[in-house]
Amino acid sequence: MKRFLIPLALFFVLIGFLAVGLNLDPREVPSPLVGKSAPLFQLPQLDDGGKTFSPRDMLGKVWLLNVWATWCVSCRAEHPLLVAFTRQHGDLVNLPIVGLSYKEVRGDGEIDVSKISPVDELQLTRKRAAAWLAEHGNPYALSALDVDGRVGIDYGVYGVPETYVIDKAGIIRYKQIGPLTPDVLNKKILPLVKELEK
Amino acid sequence: MSQRNLGAFGAFEKIGVARLPILLLLSCILLTGLAQAREAAPLAEDVVVEKRMVAISEELRCLVCQNESLAGSHAELAQDLRREIRTLIKQDKTDAEIMDFMVSRYGDFVRYRPPMKASTYLLWFGPFLLLIGALIVLVAYLRRRSGSTEVAAEATLSAEERRQAEALLKQGDSDNK
């Protein structure tokens with residue numbers, strides 16, 4: 001009887017490893033940016049042609065940076081949650097959401113960017129993003145336009161949507177890869193924001 | 001090249017059947033040359049930069065298709081990152097600096113060769129530990145087995161059986177003579 005115990009124990013150890021390993025999501029790569037300063041940038045804003053946005057503008061506030069695009073299917077799933085959040089808690093919780101429109105034109109596989117001038121690309125980005133927000137609701141305090149995805153690289157974006165929680169000192173405290181869910185928002189992000197507000 | 005196919009190339013018939021294969025071959029070479037030239041145009045003009053970029057990006061994982069290297073992936077992010085590496089090379093950054101650039105944004109996961117540090121010791125030395133463990137188990141098992149067979153042999157042969165065995169052996173010897 002005893003000789004079967006060792007293989008049996010090994011079997012259960014193996015099952016344990018598989019149970020944990022197979023439930024991990026390989027797409028969730030821990031970001032090295034958590035705990036570090038949010039990379040600085042200067043990008044044009046969606047609403048006002050002349051204005052730019054920099055994370056420096058948000059110093060002293062806890063805020064969310066939400067990376068999105070109209071061609072991104074998961075963003076579509078996530079968007080109503082953000083709209084509802086701003087509508088319900090906009091006045092109660094001081095948590096501005098900044099939208100980062102990521103490669104709006106060149107990310108869309110159906111458009112050949114080599115035929116479009118940078119000026120036209122920016123213009124088309126504005127048009128598409130504004131139309132989409134007008135249709136689906138605008139949860140953002142403001143939107144910045146990352147036309148070529150260069151800022152996305154600095155933030156380690158590798159799939160939209162992604163959301164960063166940034167504290168008053170401009171340090172990234174949390175990164176959500178993939179769409180936000182009510183669970184993540186209520187159980188992770190909002191408690192964290194409350195903590196950071198102190 | 002069969003004779004029947006030549007009929008289709010009516011215009012070529014005047015040139016003569018013997019020269020046709022050469023002509024076709026030449027035009028093929030010419031056409032592929034043109035096609036390649038067209039594909040190569042958007043790539044970096046500098047061969048040295050391109051070589052270094054490929055060497056570096058082969059060490060990096062594409063985060064969109066995680067089982068592909070950055071060099072081999074057609075994902076859009078991979079193209080962006082290759083362009084980024086080219087820019088960094090042109091800014092005279094060293095390979096180590098470019099690696100740091102990628103790791104600081106995407107983490108150690110982006111490297112196919114994980115760095116040696118406290119959190120990766122188990123990854124690097126784990127297999128050797130398993131090997132040593134397996135060897136110890138193997139040696140212990142072999143020792144126990146050889147020990148137990150000796151004991152078993154001695155225990156099972158009684159004096160009577162031993163005599164019988166010797167008798168049989170002797171008989172075998174005399175048979176062979």
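The values are calculated or read from the model by the stated rules, or taken from the named source; none is laboratory data. What you see is a predicted model, and the numbers here were worked out from it, not measured in a lab. Here the Cβ positions follow ideal geometry from the backbone for every residue, glycine too, while neighbour counts run over all protein chains shown. The accessibility values were calculated without ligands, DNA or RNA, using every heavy atom of the protein model including side chains. Shrake-Rupley method; radii C 1.70, N 1.55, O 1.52, S 1.80 Å.
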Residue list for the range B:44-87, filter: under 17 Å from A:Y155 (Cα atoms), free of Cβ contacts under 8 Å to residues at least 24 places away in the same chain and open to solvent by less than 50 Å² (accessible area, probe 1.4 Å): B:C62, B:L77, B:A78, B:D80, B:E84
Residue count for the range A:42-92, restricted to those that are closer than 21 Å to A:E135 by Cα, β-branched (V, I, T) and surrounded by 13 or more Cβ atoms within 10 Å (Cβ to Cβ): 4
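Just for the range B:99-137: of the residues that are among the basic types (K, R) and within 12 Å of another protein chain (Cβ to nearest Cβ), which one is nearest to B:I56 (Cα to Cα)? Please lay out each step first, then the result.
Of the range B:99-137, the ones among the basic types (K, R) are B:105, B:111, B:113, B:117.
Cutting the leftovers down to within 12 Å of another protein chain (Cβ to nearest Cβ) gives us B:105, B:111.
Values: B:R105: 16, B:R111: 10 Å.
Restricting to residues being among the basic types (K, R) and within 12 Å of another protein chain (Cβ to nearest Cβ), the top hit is B:R111.
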Matching residues in the range A:1-33 - criterion: being among the aromatic types (F, W, Y) and more than 14 Å from every other protein chain (Cβ to nearest Cβ): A:F4, A:F11, A:F12
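For every residue, the table says whether it meets (1) within 25 Å of the chain's Cα centre (by Cα); (2) at pLDDT below 55; (3) under 20 Å from B:D108 (Cα atoms).
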position: B:K14; (1), (2), (3): no, yes, no
position: B:R52; (1), (2), (3): yes, no, no
position: B:R61; (1), (2), (3): yes, no, yes
position: B:R82; (1), (2), (3): yes, no, yes
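I need the full set of residues from the range A:57-96 which are within 27 Å of A:D108 (Cα to Cα) and of a type in the set (K, R), in order please.
Kept after step one, since they are within 27 Å of A:D108 (Cα to Cα), are these residues of the range A:57-96: A:64-84.
Result: A:R76, single match.
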Given (1) farther than 22 Å from A:L142 by Cβ; (2) in contact with a Phe, Trp or Tyr (Cβ under 9 Å, 6 or more places away or on another chain); (3) open to solvent by less than 70 Å² (accessible area, probe 1.4 Å), index of the condition A:P30 fails: (3)
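Quick one: in the range A:97-147, which of the residues that are in a loop (DSSP other than H, G, I, E, B) and over 20 Å from the mean Cα position of the chain (by Cα) is nearest to the other protein chains (Cβ to nearest Cβ)?
At the first step, the residues of the range A:97-147 found to be in a loop (DSSP other than H, G, I, E, B) are A:103-112, A:116-117, A:137-141, A:147.
Adding the requirement that they be over 20 Å from the mean Cα position of the chain (by Cα) leaves A:109-112, A:116-117.
Working: A:G109: 8, A:E110: 13, A:I111: 12, A:D112: 12, A:I116: 15, A:S117: 17 Å.
Ranking the qualifying residues of the range A:97-147, first place goes to A:G109.
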Contacts under 8 angstrom Cβ, first residue in the range B:105-131 being within 30 Å of A:G159 (Cβ to Cβ), partner polar (S, T, N, Q) and in a helix (DSSP H, G or I), 6 or more apart: B:D108/B:T120; B:P114/B:T120
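Quick check on the range A:45-60. Is at least one of its residues farther than 27 Å from A:L122 by Cβ and in contact (Cβ under 8 Å) with a residue 40 or more places away in the chain?
Yes, the conditions are met somewhere in the range A:45-60.
Let me confirm something: among A:L5, A:L24, which residue is more than 22 Å from A:I177 (Cβ to Cβ) and free of Cβ contacts under 8 Å to residues at least 40 places away in the same chain? Can you show your working first?
Working: A:L24 fails: more than 22 Å from A:I177 (Cβ to Cβ).
Exactly one of A:L5, A:L24 is more than 22 Å from A:I177 (Cβ to Cβ) and free of Cβ contacts under 8 Å to residues at least 40 places away in the same chain, namely A:L5.
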Unmet requirement for B:G72, which otherwise passes all of (1) more than 13 Å from chain A (Cβ to nearest Cβ); (2) out of contact with any helix residue (DSSP H, G or I) (no Cβ under 8 Å at 6 or more places or on another chain); (3) under 22 Å from A:P39 (Cα atoms): (3)
Number of positions in the range A:148-198 that are without any contact (Cβ under 8 Å) to a residue 24 or more places away in the chain and part of a strand (DSSP E or B): 1
